[in-house]
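Working notes, structure below.
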Amino acid sequence: MKLSDFGFTDGINEVIGITIGEWINTAPLGIIVENPESTFAKLRIYPSHTRENLKKGTLYVNIVHDPLVFTISAFDDLSEDWFESSDPPIINGALAWCQFKANLKNCWVDLELSRGEVLRKGLRAVNRGFNALIEALVHATRLKQNPKLIEKVRYYAEIVEKCGGRREKEALEVMWSYLRKLYPHLSL
Ligand SMILES: Cc1cc2nc3c(=O)[nH]c(=O)nc-3n(C[C@H](O)[C@H](O)[C@H](O)COP(=O)(O)O)c2cc1C
């Protein structure tokens, strides 16, 4: 069993990280892979519920292509009805799930793949709207540290409008509604 069996490639792999605390916590995470033919990876982690839960030593990951799942998980947690299984946690329509042993060291986490399963095939062409939504979300989740990033959020949002499908555009609206609530003074 190796990372590439579950779709990981070298570089940063954007996935949904799932951790178990008082509730099932979901957050988009960038898993850093040097060698996809191995079982080892790492993660840079900022203060969050995910970071707290990782102290217990386990990270679940779902490989997902749904823009709405990325958007809700970036600001909130997915409710129970978004899951097709709770143990292991599997989000509806996920292409694969994996479990990692997680060793938290300050702002880094060493990860070792321990089990997983490929659930579905996910053949699809590249869509700039989906990629741009991911970029918009990355900047949107850092707005608290740097409010100037709103310009980048707007830039990528325009690409989502131009190139995205229905689901990307729906996710974009959901992103804006989270941002309006979080940052009322930005008049978005
Ligand atoms: C595409 C994407 C990738 C992200 N990657 C990371 C990451 O690698 N590490 C991290 O700490 N936060 C990352 N974030 C931010 C977290 O998902 C975000 O802070 C989230 O709100 C944390 O939720 P939690 O408090 O429920 O754990 C990423 C966000 C996005 C949109």
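One table, with the values for the structure above:
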item: Chymotrypsin sites (Phe, Trp or Tyr not before Pro) restricted to DSSP loop in region 108-170 with at most 13 other C-beta within 10 Å; result: none
item: Neighbour cut-off at most 15 other Cβ (10 Å), DSSP loop, trypsin sites (Lys or Arg not before Pro), region 131-163; result: R142, K144
item: Assigned charges on the beta-carbon of Lys, Arg, Asp, Glu; region 20-131 dipole about Cα centre (debye); result: 440 debye
item: Trypsin sites (Lys or Arg not before Pro) restricted to DSSP loop in region 54-103 with at most 16 other C-beta within 10 Å; result: K55, K56
item: Gap separating the Cα centres of region 105-146 and region 49-65, nearest whole Å; result: 12 Å
item: Cα-centre dipole for region 3-74 with unit charges at Cβ (Lys and Arg positive, Asp and Glu negative), debye to 20; result: 340 debye
item: Dipole moment magnitude, nearest 20 debye, the chain about Cα centre, only Lys, Arg, Asp, Glu C-beta charged; result: 540 debye
item: Angle in degrees between helix 150-163 and the longest Cα principal axis of the chain, rounded to the nearest 10; result: 80 degrees
item: Distant alpha-carbon pairs in region 128-186 (separation over 16 angstrom), percent; result: 34 percent
item: For the chain, alpha-carbon Rg and Dmax in angstrom; result: 16.2, 49
item: Kirkwood hydrodynamic radius (C-alpha pairs) into Stokes-Einstein, region 1-66, 20 °C and 1.002 mPa s, D in µm²/s; result: 174 µm²/s
item: Dipole of the chain [Lys/Arg +1, Asp/Glu -1 at C-beta], most positive-end residue of S177, A96, G122; result: S177
item: Exposed-loop-free span, longest in the chain, where GluC sites (Glu not before Pro) count as exposed if DSSP calls them loop and at most 15 other C-beta atoms lie within 10 Å; result: 38-188
item: With 10 Å bins from 0: P(r) over region 86-188, alpha-carbon pairs, percent; result: 13, 30, 31, 25, 2
item: Sequence of H49, H185 from largest to smallest accessible area, 1.4 Å probe; result: H185, H49
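The values are calculated or read from the model by the stated rules, or taken from the named source; none is laboratory data. None of the values given here were measured: they were computed from a predicted structure. Please note: Cβ atoms are built from the backbone with ideal geometry, for glycine as well, and neighbour counts cover all protein chains shown. For the accessible areas, the whole protein counts, side chains as well, though only heavy atoms, and no ligand, DNA or RNA atoms are used. Shrake-Rupley method; radii C 1.70, N 1.55, O 1.52, S 1.80 Å.
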